[in-house]
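Before anything else, here's the structure in question.
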Amino acid sequence: MSETDKWMRLRAATPARVGLGNAGTGLPTDAMLDFQADHACARDAVHATLDTQHLADRLSRRPAAIVTSRAEDRQTYLRRPDLGRRLSEESAKSLEQTDCDIAFVLADGLSALAVERHAIPLLTALGAIEAGYSEAPVVIATQARVALGDDIGERLRARLIVMLIGERPGLSSSDSLGIYTTWHPHVGRRDHERNCISNVREPDGLAYPVAATQIDWLVKEARRLSCTGVSLKMDLPVAEKPSSLPAPENR
Amino acid sequence: MFAHSVGATRYVFSDLKEVLAKASPQRSGDELAGVAATSAAERVAARHVLADLPLRTIAAESVVPHEEDEVTRLIATQHDEDAFAPLASQTVGELREYLLAASSAELERLAYALTPEIVAAVSKIMRNQDLVAVAAMRRVETSFRNRLGGEKVLAVRLQPNHPTDDPKGVAASVLDGLCMGCGDAVIGINPVSDDVGSTCSLLYMLDEVHTRLELPTQSCVLAHITTTMAAIERGAPVDLAFQSIGGTEAVNRSFGIDLALLKEAHEATSALKRGTVGDNVMYFETGQGSALSADAHHGVDQQTIEARAYAVARAFRPLLVNSVVGFIGPEYLYDGKQIARAALEDHFCGKILGLPMGMDICYTNHAEADQDDMDAILMMLGLAGVNFIMGVPGSDDVMLNYQSTSFHDALFVRRQLGLSAAPEFQDWLEGSGLRDLGGLPKLERVGMLEHQLGDIAS
């Protein structure tokens, strides 16, 4: 077996950037630029602006409400997570009480790209499952942290918030969507009082139907036990593993 | 109350805590906590106040109350009053000048004469070059299966993380790192799962790697310390016990630990006696901002709290300590400049307090930083004599999703600064034919190592 073949085999065992070769002590040019390209995608995803109107249009017949947090721009958002957890004054006033079973929030988080790509297909996959619950308008939120859902849920008087939010981009994925469920949302909820499903994206992450099944289970359990958080987490049905990441040279 | 005028404005500070916070270089975490200076002039006024403070004033005041915090009590116990006495009337400004002119032996004698708060204070009035120059004079040597921290030695933690803890995936990264001369600090895996079973599997696998390759280094699975203790009870081969620690009792509680637990782990790990040339068995990670993140900062700036964490670390004679400086994100350290400053502060404070300080030179994708920033930090810390850095394949940690230094970076800094691996490990590299005379990697030797690893790798 040649050296190249050996490294090919080792590379197949891990998504890590192994066997890159070298130029002096440095990286070969291709490997260096591949890394820069991946970092650039992640950076662009962090700083992308969510086109909220376009997203609302894609919800077709479902009503939407567009809100923003108290962080007025991306720089403030990144520096002040506390501001990203509260609705702007205007947005707070715009939300009406609904006393609904479930409210969905689509939030930019750290990757607007994730929401743009995966939120609508995931909602579609959930469509069949969610029938039978009373729903608030779908809330589309910008400059949002996970806990903004608490403020939104409190305003809507929703029994449960399901938040679809862009996760922090990694080099191998700039568009991972995270799902957080929070029972009886109100300002001051702690992270351990939520459940989370991570890395929803196709084709390389958790597929929409699998994520939808897990969300359905979390929603049913939350309603049965009147809570979310660590007590539910242990029994989450084992999902199919996300397909493995492509080898570095393909990213 | 303290005051100083800059131009026509008089700035007043109510207590030591406020002076320390406002004297700190600008960083987002202190702004988030609401303790930072609100203008550049106020910042420099606070530095003037700090520079004129006698050390005894700082030693006499607890920034975190004694009765509420076991770390404050530990700091008091560690403080060597006799060694401190001749320094007590010096000001912080005078201490800076003393440090810049001190010999290695003089710096070594300061370790327990100074408190973390005093060391943090003086760092705040030091420029980056001061932090480099003084730290470079202070070697801290530790040992387990090799000797780390010696003159002209820069070690590397080989970090072969894998998104599913797959043993063959881990082995591929280990082979890559060894071919590039990395792994002398430790081969240390951050496991995906913190359960005892999978921690034990990884421990046995790393032990096999060590045995089959006759590697003069140590390994570690960076699980929670209670998981490691459970692994020890099951008879797993534990070289080092790892734990993240912080500078207040409350932040440590948020990590699920206290001093008594660390002591128990230290004793249990020491009792295994797996070291061959030394008995330093603890590995600690720290990082500015963790206390604020856990709402456990008592209104103290993040760098002072970080220095207090070093009191916790040194109580257990660790083999390795590193700050994970850029991991926490831009709400604590916003950009490359803030990360660089924090890295130099943490390294300096750790060394002066007697710790074998390494650094995870790193950033996340939402921070304003890139590889060029990391290159600059790497070179500065190389000059400052950092004990070890991380080696992650291609800088991309595919499990923790952040970027750290790579095997290539380690080769670069060793070559540029004339540094080498720990002596026992260097001998192994040369004996294995893994290094030519120029210190370049020998990737073509991977086949030989792979063969020695046998079924672990393929």
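The values are calculated or read from the model by the stated rules, or taken from the named source; none is laboratory data. Keep in mind the model is a prediction, meaning the values are calculated, not measured. Reconstructed Cβ throughout: ideal geometry from the backbone, glycine too, with neighbour counts over all protein chains shown.
Inspect region A:52-74 for any residue being closer than 20 Å to B:THR364 by Cβ, modelled with pLDDT of 95 or more, away from chain B (no Cβ under 12 Å) and in a loop (DSSP other than H, G, I, E, B) and give the result as yes or no. Walk me through it before giving the result.
Kept after step one, since they are closer than 20 Å to B:THR364 by Cβ, are these residues of region A:52-74: A:71, A:73-74.
From what's left, modelled with pLDDT of 95 or more: A:71, A:73-74.
Cutting the leftovers down to away from chain B (no Cβ under 12 Å) gives us A:73.
Next, from what is left, pick out any that are in a loop (DSSP other than H, G, I, E, B): A:73.
Scanning region A:52-74, I find at least one residue that is closer than 20 Å to B:THR364 by Cβ, modelled with pLDDT of 95 or more, away from chain B (no Cβ under 12 Å) and in a loop (DSSP other than H, G, I, E, B), so the answer is yes.
Another question, if that's okay. Determine, yes or no, whether A:ARG85 is of a type outside the set (Ser, Thr, Tyr), in contact (Cβ under 8 Å) with a residue 60 or more places away in the chain and touching a Leu at 6+ places or on another chain (Cβ under 9 Å).
yes
Please state which of the following conditions A:ILE102 fails to meet, knowing it meets all the rest: (1) of a type in the set (A, V, I, L, M); (2) over 28 Å from A:SER172 (Cα atoms); (3) facing chain B (nearest Cβ under 10 Å).
(3)
Within region B:175-199, which residues are within 11 Å of another protein chain (Cβ to nearest Cβ), out of contact with any strand residue (DSSP E or B) (no Cβ under 6 Å at 6 or more places or on another chain) and at negative phi? Reasoning before the result, please.
Taking region B:175-199 first, the residues within 11 Å of another protein chain (Cβ to nearest Cβ) are B:175-177, B:179-181.
So of that shortlist, the ones also out of contact with any strand residue (DSSP E or B) (no Cβ under 6 Å at 6 or more places or on another chain) come out as B:175-176, B:179-181.
Those that are within 11 Å of another protein chain (Cβ to nearest Cβ), out of contact with any strand residue (DSSP E or B) (no Cβ under 6 Å at 6 or more places or on another chain) and at negative phi: B:LEU175, B:ASP176, B:CYS179, B:MET180.
Quick check, is B:GLU18 buried (at least 20 other Cβ atoms within 10 Å of the Cβ), free of Cβ contacts under 8 Å to residues at least 40 places away in the same chain, within 28 Å of the chain's Cα centre (by Cα) and part of a helix (DSSP H, G or I)?
yes
Same structure, new question: For B:GLY433, only one of the following conditions fails: (1) within 14 Å of another protein chain (Cβ to nearest Cβ); (2) at positive phi. What is its number?
Tallying (1) within 14 Å of another protein chain (Cβ to nearest Cβ); (2) at positive phi, B:GLY433 fails exactly one: (1).
Additional query: Considering only residues of region A:23-40 that are within 9 Å of chain B (Cβ to nearest Cβ) and surrounded by fewer than 19 Cβ atoms within 10 Å (Cβ to Cβ), which is farthest from B:LEU449 (Cα to Cα)?
A:GLN36
Applying the selection to region A:157-178, what residues are small (Gly, Ala, Ser), outside any strand (DSSP E or B) and within 14 Å of chain B (Cβ to nearest Cβ)?
A:GLY170, A:SER172, A:SER173, A:SER174, A:SER176, listed by residue number.
Working carefully through the options B:ALA136, B:ALA171, find the one that is within 21 Å of B:VAL324 (Cα to Cα) and in contact with a helix residue (DSSP H, G or I) (Cβ under 7 Å, 6 or more places away or on another chain).
Result: B:ALA136 is the single residue among B:ALA136, B:ALA171 that is within 21 Å of B:VAL324 (Cα to Cα) and in contact with a helix residue (DSSP H, G or I) (Cβ under 7 Å, 6 or more places away or on another chain).
Can B:VAL132 be described as buried (at least 24 other Cβ atoms within 10 Å of the Cβ) and at pLDDT 95 or above? Steps first, please.
On the way: buried (at least 24 other Cβ atoms within 10 Å of the Cβ): no; at pLDDT 95 or above: yes.
No; evaluated as a whole, the condition is false for this residue.
Hand me the list of helices (runs of 4 or more DSSP H) wholly inside region B:234-294 holding 2 or more residues that are over 28 Å from B:TYR334 (Cβ atoms) and within 19 Å of the chain's Cα centre (by Cα).
Hits in region B:234-294: B:259-270.
Just the residues that are among the basic types (Lys, Arg) and in contact with an Asp or Glu (Cβ under 8 Å, 6 or more places away or on another chain), please, taken from region B:195-241.
Once the filter is applied, which keeps residues that are among the basic types (Lys, Arg) and in contact with an Asp or Glu (Cβ under 8 Å, 6 or more places away or on another chain), region B:195-241 yields nothing.
A:GLU193: farther than 26 Å from A:GLN75 by Cβ and in contact with a Ser or Thr (Cβ under 8 Å, 6 or more places away or on another chain), yes or no?
On the way: farther than 26 Å from A:GLN75 by Cβ: yes; in contact with a Ser or Thr (Cβ under 8 Å, 6 or more places away or on another chain): yes.
So A:GLU193 fits the description; yes.
Moving on to the next point. Residue by residue through region B:139-166, note down the ones that are more than 9 Å from every other protein chain (Cβ to nearest Cβ) and at pLDDT below 95.
Within region B:139-166, just B:ASP165 meets the criteria.
Of the numbered conditions (1) away from chain B (no Cβ under 12 Å); (2) touching a residue at least 12 places away in the same chain (Cβ under 8 Å), A:GLY109 satisfies every one except a single condition; which is it?
All conditions pass for A:GLY109, except number (1).
Take B:SER201 and tell me if it is among the hydroxyl-bearing types (Ser, Thr, Tyr), surrounded by fewer than 23 Cβ atoms within 10 Å (Cβ to Cβ) and in contact with a Gly (Cβ under 9 Å, 6 or more places away or on another chain).
Working: among the hydroxyl-bearing types (Ser, Thr, Tyr): yes; surrounded by fewer than 23 Cβ atoms within 10 Å (Cβ to Cβ): yes; in contact with a Gly (Cβ under 9 Å, 6 or more places away or on another chain): no.
No, not satisfied.
Yes or no: region A:179-193 includes at least one residue that is at pLDDT 90 or above, more than 25 Å from A:PRO121 (Cβ to Cβ), within 14 Å of chain B (Cβ to nearest Cβ) and part of a loop (DSSP other than H, G, I, E, B).
Start the filter on region A:179-193 by keeping residues that are at pLDDT 90 or above, which leaves A:179-189.
Retained after the next criterion (residues that are more than 25 Å from A:PRO121 (Cβ to Cβ)): A:183-184, A:186-189.
From the residues that got through so far, the ones that are within 14 Å of chain B (Cβ to nearest Cβ) too are A:188.
Right, trim to part of a loop (DSSP other than H, G, I, E, B) and you get A:188.
Taking every residue of region A:179-193 in turn, at least one turns out to be at pLDDT 90 or above, more than 25 Å from A:PRO121 (Cβ to Cβ), within 14 Å of chain B (Cβ to nearest Cβ) and part of a loop (DSSP other than H, G, I, E, B).
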